[in-house]
Amino acid sequence: MDLDIDLDIGVKKLFDKNKKMVRYGIIGVGMMGREHLCNLFHLRNEGATVVCVADPHVPSQKVSLEFADSFGWPIKVFSGHKEMLDSGLCDVVVIATPNMTHYQILMDVINHPKTHHVLVEKPLCTTVEDCRKVIEAAKKRPEMLVQVGLEYRYMPPVAKLIDIVNGGRLGHVKMVSIREHRFPFLVKVDNWNRFNCNSGGTLVEKCCHFFDLMRLFVGANPVRVMASGAIDINHKNEVYDGKVPDIIDNAYVIVEFDNGARGMLDLCMFAEGSKNEQEISVIGEDGKGEAFVPENIVRYGLRIEGRDGVRTMRAEDHRIKYDGLHHGSSYLEHLNFLAAVKVDGKKAPAVDLQDGLTAVAIGVAAQLSIEKGRFVSIKEVMS
Ligand SMILES: NC(=O)c1ccc[n+]([C@@H]2O[C@H](COP(=O)([O-])OP(=O)(O)OC[C@H]3O[C@@H](n4cnc5c(N)ncnc54)[C@H](O)[C@@H]3O)[C@@H](O)[C@H]2O)c1
């Protein structure tokens, strides 16, 4: 009890000292929540400070306290998000809890009397229906900034390729191919990510990032999706409460867009022997661009110049002060989000709720396509 009072005094003193600081609270301090904590620490000179966290899992609380302690941040720990919101301690919340909890937490934040700006981890929610309910609720709180954590857009080679495409050098984009070849899903607290009902399914949970990128590259909205995938190698020998995981570990997904462009995702999660985790190729009428992560290389060439004209560049962003787990993209995501928060929500979020919904809808359509063995239209999953 005494310890609590000391901590409260410590937090309040910090507020008085840092009146102009933007006060963050992180809901869910597992792997990703702590990643946000570290990124925000590297943004302390830009005006970010973490003052509280909420998580019912004691080991997660303890590790986040150790991190905060090493940063000299006297954070307050809550076991639930409602107590954190009611405390009035923070202005911004970062939601980094398991996917199936995003909906209720978002609704509680949006409906809370105090305004909190929100950065919610991807996927926005696990179902289209829940995403839509969140969008409806958020319309009633226009003063709140709600950004979705689709931060792959900020990875330096990806951002550079987006610039090349937007600069028109490749001409009108016709095809986008994204290959993610990586390691299996990591172990999570209570193994929530082993089941579709918790994560939304691999193509929602993980691949919403890539569907978001496809939309950016083609500058259009999805119309229909065809996918083939299965659980072939990973997690087959794991059992949790008598149940074997049902999350797929490989898939091909084709997405057709309303301007005639096509996207293809090639996902393999038993491909540790890969040089790159993501290889992206964008082909327009006039040329082709490629991005390689984590090699941090971008290439582009024009049809009229042929192979000899292909340029190869290293992609770097000197604003990044912390690479973290996602090659500096979380740092840039926070830098952008913080800039929008500082103007008190007057700036639109870089990745808004509609972006979050569309990325989920493509993933849901892809999961359904595998189940049904046919094309699934976006209209079908949206209705
Ligand atoms: N943007 C990215 O590239 C990226 C990468 C990894 C994870 N994520 C996302 O981050 C989120 C968290 O994933 P993770 O890898 O940190 O999982 P994790 O299991 O490591 O951590 C989740 C934490 O949330 C806590 N939690 C569960 N229910 C809660 C609740 N109701 N309130 C508060 N805390 C609660 C758990 O106790 C745990 O500590 C997921 O949505 C995941 O998809 C995003």
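The smallest convex shape that holds all Cα atoms of the chain, its convex hull, gives 143 Å³ per residue.
A straight line joining the Cα centroids of the stretch 307-338 and the stretch 235-293 runs 21 Å.
Estimated purely from DSSP H runs of n ≥ 4, each contributing -39500 (n - 2.57), the mean residue ellipticity at 222 nm for the chain is -11000 deg cm²/dmol once divided by its residues.
Packing, as the average of other Cβ atoms within 10 Å across residues, places the peptides 95-108, 181-194 in the order 95-108, 181-194, highest first. Extending 7 Å from the Cα toward the beta-carbon at both residue 352 and residue 108 defines two label points whose distance is 2.8 nm. Subtracting the Cα-Cα distance of residue 45 and residue 303 from 0.36 nm times their residue separation leaves 88.3 nm of extension gain.
Pairs spanning more than 31 Å between alpha-carbon atoms, out of 174/275; 160/236; 275/346; 275/342; 20/160: 160/236; 275/346; 275/342; 20/160. Rounded to the nearest 0.05, the FRET efficiency derived from the C-beta distance between residue 69 and residue 285 at R0 = 41 Å is 0.15.
Here the calculated FRET efficiency for residue 254 and residue 139, from their Cβ-Cβ distance with R0 = 41 Å, stands at 0.80, rounded to the nearest 0.05.
Roughly how far apart, in whole Å, are the Cα centres of the stretch 181-203 and the stretch 138-162? So the two Cα centres are separated by 23 Å.
With q set to 0.11, 0.13, 0.16, 0.21 Å⁻¹, the log10 of I(q)/I(0) for the stretch 2-150, from the Debye formula over equal scatterers at the Cα positions, is -0.39, -0.54, -0.82, -1.38. Can you bin the stretch 284-329 into rounded, prolate or oblate? Criterion: square roots of the alpha carbon gyration tensor eigenvalues sorted a ≥ b ≥ c, rounded for a/c under 1.5, prolate for a/b above b/c, oblate for the rest. Cα axes put the stretch 284-329 in the prolate bin.
Take 20-27, 67-74 and order them by the average number of nearby Cβ atoms within 10 Å per residue, most first; the result is 20-27, 67-74.
Here the stretch 61-188 is assigned +1 on the Cβ of each Lys and Arg and -1 on the Cβ of each Asp and Glu. Its dipole about the Cα centre then comes out at about 520 debye. Taken about its Cα centre, the chain carries a charge dipole of roughly 880 debye when the Cβ of each Lys and Arg holds +1 and the Cβ of each Asp and Glu holds -1. If you take the alpha carbon atoms of the stretch 133-225 and fit the smallest convex hull around them, that volume is 178 Å³ per residue. Packing around the peptides 210-216, 115-121, taken as the average count of other Cβ atoms within 10 Å per residue, puts them in this order, highest first: 210-216, 115-121. I need the fraction of alpha carbon pairs in the stretch 314-383 separated by more than 16 Å, rounded to a whole percent. Value for the stretch 314-383 (Cα pairs over 16 Å): 65 percent. Between 145, 124, 94, the Cα set farthest toward the positive side of the dipole of the stretch 92-149 (charges on each charged residue's Cβ, about the Cα centre) is that of 145. Considering only 184, 207, 135, the residue lying farthest towards the positive end of the dipole of the chain is 135, judged by Cα position with unit charges set on Cβ.
Values quoted throughout were computed directly from the atomic coordinates according to the rules given, and no laboratory measurement underlies them. Given the structure is predicted, the values throughout are model-derived calculations rather than measurements. As a convention, Cβ positions derive from the backbone with ideal geometry for all residues, glycine included, and neighbour counts pool all protein chains shown.
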